[in-house]
Amino acid sequence: MKTSLYINLQRKIILIVLVVSLAPLILLGGTIYYQFAGMYKDKIEEQIRYRAKAQAEAVDVFLKERITLLNTVACTHTLSELTDEQHLSEIFSVMNSKGGAFVDLGIINNNGQQVAYMGPYDLLGLNYYQQPWFGEVVSKGIYISDVYFGYRQLPHFIIAVLRQENQNTWIMRATIDPDVFCAIVRSAQVGKTGDAYIVNKAGVYQTQPRFDGEILSKSHLDTALFGREATVIEQKDGQKGEVLYAGYWLKTPRWLLVISQEAAEEMSGLLVTRNVEIVIIVLGLLAIIMTTVFMTRLFVRRLKEADNKINAMNAQLMHSDKLAALGKMGASVAHEINNPLVVVMQKIGWMEDLLEEEDIQKTKNLEEYKITISKIDHHLDRIRKVVHNMLGYARRMEPRLEKVDINETLNQTIDLLENYARINNIDIQTDLASDVPIIANDQAQLQQVFLNLISNAIDAISKDGLIEIESRSTDSHIVVTISDDGPGIPKDQQKKVFEPFFTTKETEKGTGLGLWISYDIMEKMGGTIMFENKEGKGSTFTVKIPIVLPEKE
Amino acid sequence: MELFSILVVDDEEDFVETLVNRLKKRTIDAVGVLSGEDALELLGKREFDVVILDIKMPGGMDGIETLKEIKKIQPLAEVILLTGHASVESSIEGMRLGAFDYVLKPIKLEELFPKVAQAFEKKDVHNQKIRSAKIKQSLRYW
């Protein structure tokens, strides 16, 4: 249950840190990419729009030049001059050498009859009166046809101008070389996917597109989408993905010049940027995740250790609190018992005294009385001893400070118990450090502690064994350890050893107060007393006595 | 003829009564009182060799105050203090104030008697000195 608490905490911290740190990163990355992509796209659109406009203007200029040329020739010659085949041929070659791009040239009278022709086809004498463009050129003066196959079965378009000569009107008609015209348009095709072509109002190709069909076939563009200015539209195209189309209406014929570009190609720079950004962000995420997980684990582990330490300290504190409370209670109980005990003992003594009197001597059960009284007396004595120990007057007193040599005190105590140990075949070995300082302490109380611990050790071994007594000094404490090779203290009893009246000895042998008193003495001195079970067998009691140097005299 | 006289001062009536009875049975001239005030009153009337005085007597005079007064009225009476465990320090102070010794409650008569005997001996020695001094003095006048 405890563990899951830490795992939960760890999970929560990791989650929160990750959300808080990753969310802005991803958001920032996304926003920057989005903004950048928008700007990039704007730029590309701007570029393609500009290209469309520039190319359209170039085409416009080309057409205008042809029209002007035709107009100039028509206006500076009479019909009779131009119907002269020799003359027309001269003019045609001059026109082609100066401006070029004319396939043929014809003169049509007001009846629609082609009265003169110069070109590779045999078109002389053809009547155009029925052709729709004939009416248009008559009414408007200038006409540019859409591309069509016509008589010659080749895609081409014509420019026709009307000449008003006195009462007579006639028309000069020229076919534009589709190769030259297409080459001009195609010069705007860039990159691997860029295309440039012209469609008429109905969306029919007027020049050969690089992809997507043949000249004079219908394109899939809706020309109504393109406005007066250069317009960019974006369309999904099955295999190519997004395609950008920029269109610009030509001035003279209602033709739309279209420049198209696959978005992917134009966007390839952006894609590289996006990939770099994604890699950076992913690396960043990984770094953050790893750091977060690592740090959190470390943190939670530290926390766990600290908690464990605090718990151990709390347990120890609670234990000593419990001992202190037990001590207080014990003392007050003992005190309350002591008062009636004083009286009871006197009363028993008095009965004993009275049994000595003459008349009672004759009583039948005199011996029984005497035995009973002495039994009561014996057990009262036990109570008295317990109460004495509980109230332990020695430890009720403030410790009397005198110069104490711990090694000396240990030796004296061992002397006291040597006989007892020898009878039970127990060897006492000492390893006393020579640098243990003389301290100011209460020798009687220390002796009591050592006496308790050593006699406990003897009792624990009971027969045949070894007790090792060691003293050494640290900076702040003198540490005395008393180890026996007895059976050790069973786990379930370890918590209780310092409690009053806890004993494993027979009733008459121990009151269970020795360790409790020792604990209390050490506590009052500012020292500690601890024990641990030795690996194998036996237990070790460790007494730490604070070093307080005696005042110099 | 009683050996010597003992005054027992303690607020526990049962204890005083029994102890006095037991002492009397041993042909000791024992008297018990239940408070320091009573003890001083009695000491004003007659002499005692040894006073057994409880240190802790709730209400009225406590043992130490009583001891001081006793030493004023009968400086030669030896005082043995009775003490509970909580008042060992007071008994040390009492001894500084002239008490002969102290015993821990609950007492056994066997433990108490040697101390009483010592106290009496001390007083006796003292009295003899006084007597011989008096004799010397009367001899001088003589």
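The values are calculated or read from the model by the stated rules, or taken from the named source; none is laboratory data. Remember, predicted model here, so these are calculated numbers, not experimental data. Methodologically, a virtual Cβ is constructed for each residue, glycine included, from the backbone with ideal geometry; neighbour enumeration extends over all protein chains shown.
Run down B:Leu97, B:Leu112 and say which single residue is within 14 Å of another protein chain (Cβ to nearest Cβ), within 18 Å of the chain's Cα centre (by Cα) and of a type in the set (A, V, I, L, M, F, W, C).
Of the residues listed, the single one that is within 14 Å of another protein chain (Cβ to nearest Cβ), within 18 Å of the chain's Cα centre (by Cα) and of a type in the set (A, V, I, L, M, F, W, C) is B:Leu112.
A:Phe541 fails exactly one of the following numbered conditions: (1) modelled with pLDDT under 85; (2) over 50 Å from the mean Cα position of the chain (by Cα). What is the number of that condition?
With (1) modelled with pLDDT under 85; (2) over 50 Å from the mean Cα position of the chain (by Cα) applied to A:Phe541, the lone miss is (1).
Mind telling me which of the residues B:Ser138, B:Ser87 ends up being within 12 Å of another protein chain (Cβ to nearest Cβ) and either at pLDDT below 85 or under 25 Å from A:Val343 (Cα atoms) (or both)?
Being within 12 Å of another protein chain (Cβ to nearest Cβ) and either at pLDDT below 85 or under 25 Å from A:Val343 (Cα atoms) (or both) holds for just one of B:Ser138, B:Ser87, which is B:Ser87.
Can you find a residue in segment A:354-373 that is surrounded by 13 or more Cβ atoms within 10 Å (Cβ to Cβ), at the interface with chain B (Cβ under 9 Å from one of its Cβ atoms) and in a helix (DSSP H, G or I)?
Taking every residue of segment A:354-373 in turn, at least one turns out to be surrounded by 13 or more Cβ atoms within 10 Å (Cβ to Cβ), at the interface with chain B (Cβ under 9 Å from one of its Cβ atoms) and in a helix (DSSP H, G or I).
Could you check how many residues of segment A:215-263 are over 16 Å from A:Gly194 (Cα atoms), touching a residue at least 24 places away in the same chain (Cβ under 8 Å) and of a type in the set (Lys, Arg)?
Result for segment A:215-263: 2.
Among the residues in segment B:34-55, are any charged (D, E, K, R), within 14 Å of another protein chain (Cβ to nearest Cβ) and either touching a Phe, Trp or Tyr at 6+ places or on another chain (Cβ under 9 Å) or touching a residue at least 60 places away in the same chain (Cβ under 8 Å) (or both)?
Yes.
Among all residue pairs at least 6 apart or on different chains, which show Cβ distances below 6 Å where the first residue, located in segment B:10-26, is facing another protein chain (nearest Cβ under 8 Å) and within 13 Å of B:Leu109 (Cα to Cα) and the second is among the basic types (Lys, Arg) and part of a helix (DSSP H, G or I)?
These pairs meet every condition: B:Thr18/A:Lys347.
What is the residue count in segment A:96-114 for residues that are of a type in the set (A, V, I, L, M, F, W, C) and either surrounded by fewer than 16 Cβ atoms within 10 Å (Cβ to Cβ) or in contact with a Leu (Cβ under 6 Å, 6 or more places away or on another chain) (or both)?
Number satisfying all stated conditions: 1.
Inspect segment B:60-79 for any residue being within 13 Å of chain A (Cβ to nearest Cβ) and of a type in the set (A, V, I, L, M) and give the result as yes or no.
no
For A:Glu214, only one of the following conditions fails: (1) within 22 Å of A:Ile44 (Cβ to Cβ); (2) at pLDDT below 85; (3) in a loop (DSSP other than H, G, I, E, B). What is its number?
With (1) within 22 Å of A:Ile44 (Cβ to Cβ); (2) at pLDDT below 85; (3) in a loop (DSSP other than H, G, I, E, B) applied to A:Glu214, the lone miss is (1).
Starting from residues that are free of Cβ contacts under 8 Å to residues at least 40 places away in the same chain and among the polar types (S, T, N, Q), keep the ones in segment A:48-73 and report whichever is farthest from A:Ile278 (Cα to Cα).
Going through the qualifying residues, I end up with A:Thr72.
Please determine whether any residue of segment B:68-77 is in a helix (DSSP H, G or I), in contact (Cβ under 8 Å) with a residue 24 or more places away in the chain, closer than 19 Å to B:Asp29 by Cα and aliphatic (A, V, I, L, M).
Yes, segment B:68-77 has at least one match.
Matching residues to (1) in a helix (DSSP H, G or I); (2) without any contact (Cβ under 8 Å) to a residue 40 or more places away in the chain; (3) among the hydrophobic types (A, V, I, L, M, F, W, C):
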residue: A:Leu283; (1), (2), (3): yes, yes, yes
residue: A:Val293; (1), (2), (3): yes, no, yes
residue: A:Met313; (1), (2), (3): yes, yes, yes
residue: A:Ser320; (1), (2), (3): yes, no, no
residue: A:Ala331; (1), (2), (3): yes, no, yes
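Sort out which residues of segment A:281-325 are over 26 Å from A:Ser4 (Cα atoms), touching a helix residue (DSSP H, G or I) at 6+ places or on another chain (Cβ under 8 Å) and β-branched (Val, Ile, Thr), and write them in order of number.
Correct list: A:Ile281 only.
Taking segment A:190-213 on its own, how many of its residues are polar (S, T, N, Q), without any contact (Cβ under 8 Å) to a residue 60 or more places away in the chain and closer than 22 Å to A:Gln239 by Cα?
So the answer is 1.
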